[in-house]
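The values are calculated or read from the model by the stated rules, or taken from the named source; none is laboratory data. Predicted model only: the values in this text are computed from it and were never measured. Methodologically, a virtual Cβ is constructed for each residue, glycine included, from the backbone with ideal geometry; neighbour enumeration extends over all protein chains shown.
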Amino acid sequence: MRRPVVVLMGLPNVGKSAIFGGLTGTWVTASNYPGTTVEYYRGYLRLPDGETVEIHDAPGIYDLEPASPAEEVALRLLEEADVIVNVVDATQLERNLPLTLQLLATGKPMVLVLNFWDEAKHKGIHVDVWSLERELGVPVVPTVAVSGWGIKSLASALHRARRGERGWLERQERWVRVGEIVGRVQRVVHRHHTLLERLQDASLRPITAVPMAALMLYLAYRVVTGVGEGLSEAVITPALEGPYTSFLLHLHRLLAHHPILAQVLIGELQGGRIALEESLGLLSTGVYVAIGVVLPYLVAFYAVLGFLEDFGYLPRVAVLVDRFLHRLGLHGYAIIPLILASGCNVAGVLAARTLESRRQRFIACTLMAVAIPCASQLAMITGLVGRYGGAYLGLVLASLASVALVVGTVLDRLVPGHTPSMLVEIPPYRWPHWKGQLKKLRMRVSYFLRDALPYIFLGILLVNVMYALGFIHWVADVCGPVLERLLGLPPGAVIAMLVGFVRKDVAVAMLEPLRLSAEQYVVGATVLAVYFPCAATVAMLLRELGFLATLAAAVVMFVAASASGSLLNLLLRILPHPWLAAVAMLAVATFISSSLKRGGRNEGA
Amino acid sequence: MVTLTTMKSGQRGTVVAIQAGWGARRRLEVLGIRPGAKLQKVSSLFARGPVVVRVGTAEIALGYGLAEKVLVRVE
């Protein structure tokens, strides 16, 4: 016999994922903005009477007619449900109840959850639980999902799930009915504005919003680099350089009779010593790149991102950048997938599902693949290029921004379809709950260790195999002259390009042994970021966009990489300072972008 | 009568009509922006940026193009 299926349904950002986590003990990403869940998750719950039920966490929906792929996922889940748990934001009863009435009309047994119960109290909103139960005819359970309060009562209320008020109402009638219910069960007491609410208003007013965003970006940058460096210098580097290298040397001696194994695991010794950056073994360079360089920054980056997500800042950034993103064929809300992509492009491509049209999803995914390096790639670039000074690092970022601007404008003109105006709910600021923050950080870091680490090792292994087969020399002979002439890079850079198909952070690390100049590192790092995404991202692009669109995106990437790399190489030769090259790159991109825009308007007129 | 874009920040009003296609109207309706609804304009960003309004306790951001299509009678 099949287990009863319980589906969590509700508007976006009412806390379904937090409730799911509480019920099942598993954890899925919950954040303070609409559209965090784009897939569905399944878990199990043993009821007090010993029966086990299957719980599904669905993406949020506004009503029973889907407007995006994420909403379609939710509606398919609804059909399979034996019991519906309708999660409702207690602070916004009026907005939530129209969906509740629609769900009741499906005739399935239901339980209503009033989440954010504590916040409703703080805001002076009192909901009479008993009256609401009487009005709707189903059990009503108040909860505070992030702290776990009320989850037990919800679990025991599940077998009291009932069919409530029936009958399908037309939209107009539904609103009248909602007004009636809210009038009977809700009382609002006036009170003063809190500090968070004042901050909230300030972050949307033009005069204060821009400085606040700049401050936020600066703080985020300082915290990420500060914490990253701190972790690296205080904890990880001493451990790797002390006991770990002695262990590797010891292992190398033990493997004296297995030269191939020694080569793969540890690689070449440099003057009888282990050089973590250059030995190219799985346990030397592989571990160094993953744990020594990438991990500390990744932890710091995700700690900051997690805070901003749960605090509710990201939708406000969407409002700020809406105008600019329209220039690139997107609207403001696309900034959220783009920000997530700066952690990991795979997560970014998945989050692009919240965008309404296929056109927007294609543009957003292509943009993140060409112009947004993931956190681990950026950590490597910072290590490699940053040591020559902030100007060179700034130049890499300015080049990527230029690529984004030009590629976005071109795609906006070429890709058919339309981009609707942004329409999005701005959640209130909420102090993040430390438990949720820690779980989120742990999940993202363990994703890196579990799913990304094998690719890092695969990349290093690939380098070893290519060297062993002499393949490198062959490719270098063929592609070397092109690389040399266009990008000013030595033929050896081919190896980094090839590894880049597997994993970008390793690819950047492969530039290190080439002993390049600062200018060459800049060109190499930029081209590596633009020309093609890593294997995991490609797999995700294929799944989300299909083969043809991924191919089209790949063509865009290749053109963008060759053009930006050549231009950058040229500019660095004729201009005396990296800042000047950065300004020149941005100027060229702005010029191309605005002349394309003007061309577009003339055509329309 | 004004549109959400010409309405001043801080003003309150009642939605009179939404001059948009069926799809856009429905997207607005589920967020509570429908004829008869009371709202307050919170802010708007310069250079044809989005407009933010407060409906009940919710804050909603509308792109400029959409905000132009919402007609409001100011109180």
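Picking from A:LEU47, A:LEU103, A:LEU78, which residue would you name as being in contact (Cβ under 8 Å) with a residue 40 or more places away in the chain and touching a Lys or Arg at 6+ places or on another chain (Cβ under 9 Å)?
On the way: A:LEU47 fails: touching a Lys or Arg at 6+ places or on another chain (Cβ under 9 Å); A:LEU103 fails: touching a Lys or Arg at 6+ places or on another chain (Cβ under 9 Å).
It is A:LEU78.
Considered as a group, the residues in segment A:109-163 that are of a type outside the set (D, E, K, R) and over 26 Å from A:GLY21 (Cβ atoms) include one that is nearest to the other protein chains (Cβ to nearest Cβ), and that residue is A:GLY124. Selection of segment A:364-396 for residues being among the aliphatic types (A, V, I, L, M), in contact (Cβ under 8 Å) with a residue 40 or more places away in the chain and over 18 Å from A:VAL294 (Cβ atoms) yields A:LEU367, A:ALA369, A:VAL370, A:ALA371, A:ALA391, A:LEU395. When residues in segment A:488-504 are screened for being buried (at least 20 other Cβ atoms within 10 Å of the Cβ) and not in a loop (DSSP other than H, G, I, E, B), 8 of them pass. Applying the criterion of being within 13 Å of chain B (Cβ to nearest Cβ) and either surrounded by 14 or more Cβ atoms within 10 Å (Cβ to Cβ) or of a type outside the set (Val, Ile, Thr) (or both) to the residues of segment A:168-182, the residue that is farthest from B:VAL53 (Cα to Cα) is A:GLU170. Once segment A:304-332 is narrowed to residues that are away from every other protein chain (no Cβ under 12 Å) and touching an Asp or Glu at 6+ places or on another chain (Cβ under 9 Å), the residue that is surrounded by the most Cβ atoms within 10 Å (Cβ to Cβ) is A:GLY329. Counting only residues that are at pLDDT 95 or above and of a type in the set (Val, Ile, Thr), segment A:382-408 holds 4 of them.
Let's see how each residue does on (1) surrounded by 21 or more Cβ atoms within 10 Å (Cβ to Cβ); (2) modelled with pLDDT under 90; (3) of a type in the set (Asp, Glu):
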residue: A:GLY43; (1), (2), (3): no, yes, no
residue: A:GLY50; (1), (2), (3): no, yes, no
residue: A:ILE61; (1), (2), (3): yes, yes, no
residue: A:GLU65; (1), (2), (3): no, yes, yes
residue: A:GLU71; (1), (2), (3): yes, yes, yes
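Kindly indicate which of A:ILE260, A:ILE335 is at negative phi, outside the structural domain of A:SER31 (by TED's automatic domain parsing), surrounded by fewer than 19 Cβ atoms within 10 Å (Cβ to Cβ) and part of a helix (DSSP H, G or I). Walk me through how you get there before you give the answer.
Numbers: A:ILE335 fails: surrounded by fewer than 19 Cβ atoms within 10 Å (Cβ to Cβ).
Of A:ILE260, A:ILE335, the one residue that is at negative phi, outside the structural domain of A:SER31 (by TED's automatic domain parsing), surrounded by fewer than 19 Cβ atoms within 10 Å (Cβ to Cβ) and part of a helix (DSSP H, G or I) is A:ILE260.
Here is a yes/no grid of residues against (1) touching a helix residue (DSSP H, G or I) at 6+ places or on another chain (Cβ under 7 Å); (2) at pLDDT 90 or above; (3) of a type in the set (A, V, I, L, M, F, W, C); (4) not in a helix (DSSP H, G or I):
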position	(1), (2), (3), (4)
A:GLN172	no, no, no, no
A:VAL178	yes, yes, yes, no
A:HIS193	no, no, no, yes
A:GLN200	no, no, no, no
A:LEU219	no, yes, yes, no
A:VAL223	yes, yes, yes, no
A:GLY228	yes, no, no, no
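Matching residues to (1) surrounded by fewer than 19 Cβ atoms within 10 Å (Cβ to Cβ); (2) under 18 Å from A:SER342 (Cα atoms); (3) of a type in the set (D, E, K, R); (4) not assigned by TED's automatic domain parsing to the domain that holds A:VAL385:
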residue: A:ALA509; (1), (2), (3), (4): no, no, no, no
residue: A:LEU514; (1), (2), (3), (4): yes, no, no, no
residue: A:TYR521; (1), (2), (3), (4): no, no, no, no
residue: A:GLY524; (1), (2), (3), (4): no, no, no, no
residue: A:TYR531; (1), (2), (3), (4): no, yes, no, no
residue: A:MET540; (1), (2), (3), (4): no, yes, no, no
residue: A:LEU545; (1), (2), (3), (4): no, no, no, no
residue: A:LEU548; (1), (2), (3), (4): yes, no, no, no
residue: A:LEU568; (1), (2), (3), (4): no, no, no, no
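In segment A:555-569, is there at least one residue being free of Cβ contacts under 8 Å to residues at least 12 places away in the same chain and among the aromatic types (Phe, Trp, Tyr)? Looking for residues that are free of Cβ contacts under 8 Å to residues at least 12 places away in the same chain and among the aromatic types (Phe, Trp, Tyr), one finds none in segment A:555-569, hence no.
Looking at A:VAL188, is it in contact with an Asp or Glu (Cβ under 6 Å, 6 or more places away or on another chain) and either at pLDDT below 90 or within 12 Å of chain B (Cβ to nearest Cβ) (or both)? Quick ask: steps written out before the conclusion?
Numbers: in contact with an Asp or Glu (Cβ under 6 Å, 6 or more places away or on another chain): no; either at pLDDT below 90 or within 12 Å of chain B (Cβ to nearest Cβ) (or both): yes.
No: the conditions fail for A:VAL188.
If you check A:VAL210 against the conditions, is it at pLDDT below 90, of a type in the set (A, V, I, L, M, F, W, C), surrounded by fewer than 16 Cβ atoms within 10 Å (Cβ to Cβ) and in the same structural domain as A:LEU305 (by TED's automatic domain parsing)?
Details: at pLDDT below 90: yes; of a type in the set (A, V, I, L, M, F, W, C): yes; surrounded by fewer than 16 Cβ atoms within 10 Å (Cβ to Cβ): yes; in the same structural domain as A:LEU305 (by TED's automatic domain parsing): yes.
Taking the combined requirement at face value, the residue satisfies it.
Restricting the search to segment B:38-55, which residues are surrounded by fewer than 22 Cβ atoms within 10 Å (Cβ to Cβ) and either in contact with a strand residue (DSSP E or B) (Cβ under 6 Å, 6 or more places away or on another chain) or more than 8 Å from every other protein chain (Cβ to nearest Cβ) (or both)? Those that are surrounded by fewer than 22 Cβ atoms within 10 Å (Cβ to Cβ) and either in contact with a strand residue (DSSP E or B) (Cβ under 6 Å, 6 or more places away or on another chain) or more than 8 Å from every other protein chain (Cβ to nearest Cβ) (or both): B:LYS38, B:GLN40, B:VAL42, B:ARG54, B:VAL55.
Conditions (1) within 11 Å of another protein chain (Cβ to nearest Cβ); (2) basic (Lys, Arg); (3) buried (at least 21 other Cβ atoms within 10 Å of the Cβ); (4) under 19 Å from A:PRO315 (Cβ atoms), marked per residue:
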site: B:GLN11; (1), (2), (3), (4): no, no, no, no
site: B:ARG26; (1), (2), (3), (4): yes, yes, no, no
site: B:GLY32; (1), (2), (3), (4): yes, no, yes, yes
site: B:GLY36; (1), (2), (3), (4): yes, no, no, no
site: B:THR57; (1), (2), (3), (4): yes, no, no, yes
site: B:LYS69; (1), (2), (3), (4): yes, yes, no, no
site: B:VAL74; (1), (2), (3), (4): no, no, no, no
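Restricting to segment B:13-24, and then to whatever is in contact (Cβ under 8 Å) with a residue 40 or more places away in the chain and among the small types (Gly, Ala, Ser), can you tell me which residue is farthest from the other protein chains (Cβ to nearest Cβ)?
Going residue by residue through segment B:13-24, those that are in contact (Cβ under 8 Å) with a residue 40 or more places away in the chain are B:13-20, B:24.
Now restrict to residues that are among the small types (Gly, Ala, Ser): B:13, B:17, B:20, B:24.
Numbers: B:GLY13: 18, B:ALA17: 15, B:ALA20: 9, B:ALA24: 7 Å.
Within segment B:13-24, the match that is farthest from the other protein chains (Cβ to nearest Cβ) is B:GLY13.
Inspection of segment A:595-604 finds no residue satisfying the criterion of being buried (at least 21 other Cβ atoms within 10 Å of the Cβ) and free of Cβ contacts under 8 Å to residues at least 24 places away in the same chain. Residues that are within 13 Å of chain B (Cβ to nearest Cβ) and outside any strand (DSSP E or B) do occur in segment A:50-61.
Give me the residue from segment A:83-98 that is facing another protein chain (nearest Cβ under 8 Å) and not hydroxyl-bearing (Ser, Thr, Tyr) and, out of that set, farthest from A:GLU119 (Cα to Cα). Break it down into steps so the answer makes sense when it comes.
Kept after step one, since they are facing another protein chain (nearest Cβ under 8 Å), are these residues of segment A:83-98: A:91-92, A:94-95, A:98.
Narrowing the set further to residues that are not hydroxyl-bearing (Ser, Thr, Tyr) leaves A:92, A:94-95, A:98.
Details: A:GLN92: 11, A:GLU94: 16, A:ARG95: 16, A:PRO98: 21 Å.
The selected residue is A:PRO98.
Yes or no: segment A:229-243 includes at least one residue that is under 28 Å from A:GLY312 (Cα atoms), within 14 Å of another protein chain (Cβ to nearest Cβ) and of a type in the set (D, E, K, R).
Going through segment A:229-243, the residues under 28 Å from A:GLY312 (Cα atoms) turn out to be A:229-231.
With within 14 Å of another protein chain (Cβ to nearest Cβ) added as a condition, the list becomes none.
The answer is no; no qualifying residue exists.
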